[in-house]
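Okay, so here's the structure we're looking at.
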Amino acid sequence: MRIESFDQFKTLQAEAGKRDEAQPKKILVCCGTGCLATGAKEVAEAFVHEITERGLDVEVGYGVKSTGCHGFCERGPLVAFLPEGLLYTKVKAKRVPEIVEKTIIGETIIPGLLYKNPVDKKRIPAYEEIPFYKNQVRVAMRNIGRIDPTDLMDAIAHDAYAGLAKALFEMTPDEVLDEVELSGQRGRGGAGFNTARKWRSCKAAPGDRRFVLCNGDEGDPGAFKDRSIMEGDPHSVLEGMIIGAYALGSHEGWIYVRDEYPLAVVHLQLAITEARKHGLLGENIMGSGFDFEIQISRGGGAFVCGESSALMRSLAGQTGEPRAKYVHSTEKGLFDLPTVLNNVETWAGIGAIIANGGAWFASMGTEKSKGTKAFSLVGKVKNTGLIELPMGTTLRHIIYDIGGGVLKDRPFKAVQTGGPSGGCIPEELLDLPVDYEKLTEAGSMMGSGGMIVMDDRTCMVDVARYFLAFLTEESCGKCVPCREGLKQMLAIYDALIEGRGNVGDIERIETLAAGMQLGSLCELGKSAPNPVLSTLKYFRSEYEAHIVDHACPAGICRDLTAFEIMPDCDGCHACTKVCPTDCIAGEKKELHVIDHEACISCGACLDVCPTDSIRTFPKVELAAKEVV
Amino acid sequence: MAEQPCVDLSKTEEILASYPHEEPSLIQVLQDVHRAYNYLPCDVLVRVAMVLDVPLAKVFSVSTFYKAFSLEPQGETIIKVCMGTACHIRGAGQLVEELERKLGIGAEETTEDLQFTVKTVNCVGACAMAPVMIVGEKYWGSAKPARMEKYLAGGGEDED
Ligand SMILES: Cc1cc2nc3c(=O)[nH]c(=O)nc-3n(C[C@H](O)[C@H](O)[C@H](O)COP(=O)(O)O)c2cc1C
Ligand code: FES
């Protein structure tokens, strides 16, 4: 059915609601990229098969729904049961008949499939009670994991397009702008620019043709919130964009999606087709007289294309080279016409802001950073996954209460935020409330919301070098300070990790960093020194150890590190199995020995040792030992 | 570049027919071409430049700028090892080394029999399961060098 009026939309909403209520019992199988990787599709199919085969859909009233990412990717495939609110983790397709038998028919819980809290080892049956979920407040991710992203009616039953209907029929474009301004929402893609201010400046630009774009490039490694939103609730992105277009008087939109996100493209395309069919997109939306079209453009795999001017060039079929900032894309953007570009999460929040009011959104968060923010919590943390929290939540709360603490209870060392433009935040700052200002003050950035937890087995010189190597590869090469500065810095870092560092290297790094910050054309080069400077600021002693002692305190840099097995080794052979060079000798149940000549210092043995009996020490000591 | 045999251009014509013949279509066309041929053959680029009315130099500049494109034939199965931050600190480097030992090729290289191409990518958005490796279409989370044989064979279920 094509919706031609506000009343027809309300009727459709009611229908969708009824359809949803008609099936109160549901099995929600997470089918995000993470869970699909561990076999979620097979699990969902097995449930459908089992349920229909036994006629349970009619008898017990259970329906199976493939949803977007539940966020708790490491425990996947995840299966939730409604209305009980039970969550099973690591479900395998072959266990589905047993689950149907015991849980659906027998109404008993299978304890082995419940989530085990790594903190107290207790099993928790209820979704809502798991600390990972309990502490979240979801706005942009409101429907992810609850709806089937390929089913428009399901989305509508969960309030999709309600904000759009309200905007089109009850508000003028200026009132929409006022509401967004009241929300205080700032861009979720990196810099945190005020959304309403950006929109106003575009609206004030002369001309009739203007564009609304969505940045789904999500280039920061370690961040995947935009992927999950596009995959799990594509309608929220479309709804936000249509509302924005209405406020701005734009009729053409594009979504720029990373090439690495194939499922996101499929779900967005399907959502666009469905929305168009129902009159929610295209000509005369919901009979309001407003027209807006959205197209998808797949990126070509270049980090710099997340930058706004590079993205617009890429959309125009060119190489993604940024231009100087003094030309504002709100005035001269895509095809040199006024353009608004916002991040996926920014757009996903707009529908909820219009539906619930700007004041509601502004009631969450801190003074200057309103609302909630999505983060991907990854790295050496027990509960990895996707979370959304009010701005101002402390890092400690995120890492320890939600993340369950550091993997294997190793000591915490740092958390990296903001991707390659961000920095590493040390333990002293764990009580930092996370918002745009506080992260910048700490020498990092909000960026795309990636939070990578690092333990004592992480070398900060290596981390800084990692980002430099990343950026050297990704620099578009247009401006000299970025292109050459990165190359020179990387050369110094290569020397550091190979034990060829010199006194004065730190100062040289700092000089180069200052030059890049001042002279680079775009933010890629300007912010490239952040990982370097923040590690220098908080972990200077590690640099000094590399330079002066030719030692890597974390035991990561291979040229500087040797391994040895301690006498408490119980000879379990776990290390001999993983050693790529077969350099560990020893009978079973007897002390093992590493042949230093053949050892390539990869650390595979240390990672698997169950008794923690392998230790690292500086390679220079090895030479000393041999002399003796 | 080595002399390449002429390729069948009919697929190219089909792709070109489905896009407006203007510069903004360039990247989308190249992506489809890449999917169809598994790389960007030289004579196809010439044809694309002509039909879209874009200078050939520009087509080459775009083809070499983006990571998604390769001007050399690719292996039948593409192995992508994620080198994103989360994967890096959880030992992704060891996966590339193991591949080198098993297949005799490093990153961005193709085996001589055109069976495998190994690529490193910066985050595939599955960071919670780091380190991640994709063999063909199959994602492997918490990938371990010791299980490489299995990943390459493409079978078997993940262990916990
Ligand atoms: C090198 C570089 C990479 C960027 N990558 C992204 C990205 O992947 N996704 C994104 O939304 N913004 C990215 N940005 C920020 C965009 O330029 C732009 O500020 C943002 O998309 C605006 O949307 P927002 O105001 O909703 O955040 C990047 C910026 C730079 C300098
Ligand atoms: S860092 Fe490897 S998937 Fe994100």
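The values are calculated or read from the model by the stated rules, or taken from the named source; none is laboratory data. Given the structure is predicted, the values throughout are model-derived calculations rather than measurements. Cβ sites come from the backbone with ideal geometry, for glycine too, and all protein chains shown count toward neighbours.
Matching residues to (1) at positive phi; (2) under 18 Å from the mean Cα position of the chain (by Cα); (3) at pLDDT below 95:
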{"residue": "A:LYS373", "(1), (2), (3)": "no, yes, no"}
{"residue": "A:ASN383", "(1), (2), (3)": "no, yes, yes"}
{"residue": "A:LEU386", "(1), (2), (3)": "no, yes, yes"}
{"residue": "A:MET391", "(1), (2), (3)": "no, yes, no"}
{"residue": "A:ARG396", "(1), (2), (3)": "no, no, no"}
{"residue": "A:ILE402", "(1), (2), (3)": "no, yes, yes"}
{"residue": "A:GLY405", "(1), (2), (3)": "yes, no, yes"}
{"residue": "A:LYS408", "(1), (2), (3)": "yes, no, yes"}
{"residue": "A:VAL415", "(1), (2), (3)": "no, yes, no"}
- [ ] Kindly list the number of the only condition in (1) assigned to a helix (DSSP H, G or I); (2) more than 16 Å from ligand 2 (Cβ to nearest atom) that fails for A:PRO206.
- [x] (1)
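Does A:MET241 satisfy the criteria of being modelled with pLDDT of 95 or more and within 16 Å of ligand 2 (Cβ to nearest atom)?
Details: modelled with pLDDT of 95 or more: yes; within 16 Å of ligand 2 (Cβ to nearest atom): no.
So A:MET241 fails the test.
Give the residue, chosen from A:VAL340, A:VAL304, that is within 12 Å of chain B (Cβ to nearest Cβ), buried (at least 19 other Cβ atoms within 10 Å of the Cβ) and under 25 Å from the mean Cα position of the chain (by Cα).
Numbers: A:VAL340 fails: within 12 Å of chain B (Cβ to nearest Cβ).
Among A:VAL340, A:VAL304, only A:VAL304 is within 12 Å of chain B (Cβ to nearest Cβ), buried (at least 19 other Cβ atoms within 10 Å of the Cβ) and under 25 Å from the mean Cα position of the chain (by Cα).
Enumerate the helices (runs of 4 or more DSSP H) found wholly within segment A:473-560, keeping only those where 3 or more residues are closer than 21 Å to B:ILE89 by Cα and not charged (D, E, K, R).
Working: elements: A:480-497, A:505-519, A:523-527, A:530-538, A:540-544.
Once the helices (runs of 4 or more DSSP H) in segment A:473-560 are filtered for at least 3 residues that are closer than 21 Å to B:ILE89 by Cα and not charged (D, E, K, R), what remains is A:480-497, A:530-538.
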TODO: Return yes or no: is A:LEU213 within 14 Å of chain B (Cβ to nearest Cβ), of a type outside the set (Val, Ile, Thr) and more than 30 Å from B:HIS88 (Cβ to Cβ)?
DONE: yes
Open item on the list: Quick check on segment B:98-123: of everything there that is facing another protein chain (nearest Cβ under 7 Å) and over 18 Å from A:LYS380 (Cα atoms), which residue is surrounded by the fewest Cβ atoms within 10 Å (Cβ to Cβ)?
Closed with: B:ARG101
Open item on the list: Can you report the number of residues in segment A:347-390 which are more than 16 Å from ligand 1 (Cβ to nearest atom) and over 26 Å from A:TYR161 (Cα atoms)?
Closed with: 11
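Looking only at helices (runs of 4 or more DSSP H) that fall completely inside segment B:28-143, which ones have 2 or more residues that are more than 14 Å from ligand 2 (Cβ to nearest atom)? Steps first, answer last, please.
On the way: elements: B:42-52, B:56-65, B:85-89, B:92-103.
Correct list: B:42-52, B:56-65, B:92-103.
Tally the residues that are touching a residue at least 24 places away in the same chain (Cβ under 8 Å) and under 19 Å from A:PHE335 (Cα atoms), restricting the search to segment B:20-34.
6
Take the residues in segment A:285-301 that are touching a residue at least 40 places away in the same chain (Cβ under 8 Å) and in a loop (DSSP other than H, G, I, E, B), then tell me which one is farthest from the other protein chains (Cβ to nearest Cβ).
It comes out as A:SER288.
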Task: Meets criteria (out of contact with any Asp or Glu (no Cβ under 9 Å at 6 or more places or on another chain), surrounded by 15 or more Cβ atoms within 10 Å (Cβ to Cβ), of a type in the set (Gly, Ala, Ser) and at the interface with chain A (Cβ under 10 Å from one of its Cβ atoms)) for B:GLY93 - done: yes
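Among the residues of segment A:178-196, write down those that are within 21 Å of A:ASP220 (Cβ to Cβ) and touching a residue at least 24 places away in the same chain (Cβ under 8 Å). First the steps, then the outcome.
First, pick out the residues of segment A:178-196 that are within 21 Å of A:ASP220 (Cβ to Cβ): A:185-193, A:195.
Hits for segment A:178-196 are A:GLN185, A:ARG186, A:GLY187, A:ARG188, A:GLY189, A:GLY190, A:ALA191, A:GLY192, A:THR195.
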TODO: State the number of residues belonging to segment B:104-131 that are away from ligand 1 (no atom under 16 Å from the Cβ), within 17 Å of the chain's Cα centre (by Cα) and not polar (S, T, N, Q).
DONE: 11
Open item on the list: Let me confirm something: among A:GLY163, A:GLY232, A:GLY184, which residue is touching a Gly at 6+ places or on another chain (Cβ under 6 Å), away from ligand 1 (no atom under 12 Å from the Cβ) and more than 14 Å from chain B (Cβ to nearest Cβ)?
Closed with: A:GLY163
Open item on the list: Any residue that is within 15 Å of ligand 1 (Cβ to nearest atom), in a helix (DSSP H, G or I) and of a type outside the set (D, E, K, R) - is there at least one of those in segment A:318-336?
Closed with: yes
Task: Conditions (1) within 16 Å of ligand 1 (Cβ to nearest atom); (2) in contact with a Phe, Trp or Tyr (Cβ under 7 Å, 6 or more places away or on another chain); (3) more than 14 Å from chain B (Cβ to nearest Cβ): number failed by A:LEU468 - done: (3)
- [ ] From (1) within 16 Å of ligand 2 (Cβ to nearest atom); (2) among the small types (Gly, Ala, Ser); (3) more than 11 Å from chain B (Cβ to nearest Cβ), pick out the condition that doesn't hold for A:GLY279.
- [x] (1)
TODO: Could you please let me know if A:PHE335 is surrounded by fewer than 19 Cβ atoms within 10 Å (Cβ to Cβ) and out of contact with any Pro (no Cβ under 6 Å at 6 or more places or on another chain)?
DONE: yes
Open item on the list: I need a count of the residues in segment A:538-575 that are in contact (Cβ under 8 Å) with a residue 24 or more places away in the chain and within 18 Å of A:PRO610 (Cα to Cα).
Closed with: 11
- [ ] Could you please let me know if A:GLU218 is assigned by TED's automatic domain parsing to the domain that holds A:TYR261 and assigned to a helix (DSSP H, G or I)?
- [x] no
Task: Unique residue being among the polar types (S, T, N, Q) and free of Cβ contacts under 8 Å to residues at least 60 places away in the same chain when the list is A:THR67, A:THR33, A:THR52 - done: A:THR52
TODO: Please specify each residue of segment A:497-537 satisfying the condition of being more than 16 Å from ligand 1 (Cβ to nearest atom), within 14 Å of chain B (Cβ to nearest Cβ) and either without any contact (Cβ under 8 Å) to a residue 24 or more places away in the chain or of a type in the set (A, V, I, L, M, F, W, C) (or both).
DONE: A:ILE497
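In segment B:132-149, is there at least one residue being within 16 Å of ligand 1 (Cβ to nearest atom) and at the interface with chain A (Cβ under 8 Å from one of its Cβ atoms)? It would help to see each step written out before you state the result.
Filtering segment B:132-149 down to residues within 16 Å of ligand 1 (Cβ to nearest atom) leaves none.
Scanning segment B:132-149, I find no residue that is within 16 Å of ligand 1 (Cβ to nearest atom) and at the interface with chain A (Cβ under 8 Å from one of its Cβ atoms), so the answer is no.
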Open item on the list: Conditions first: (1) surrounded by fewer than 19 Cβ atoms within 10 Å (Cβ to Cβ); (2) away from every other protein chain (no Cβ under 14 Å). A:ARG95 passes all but one, so which condition is the exception?
Closed with: (2)
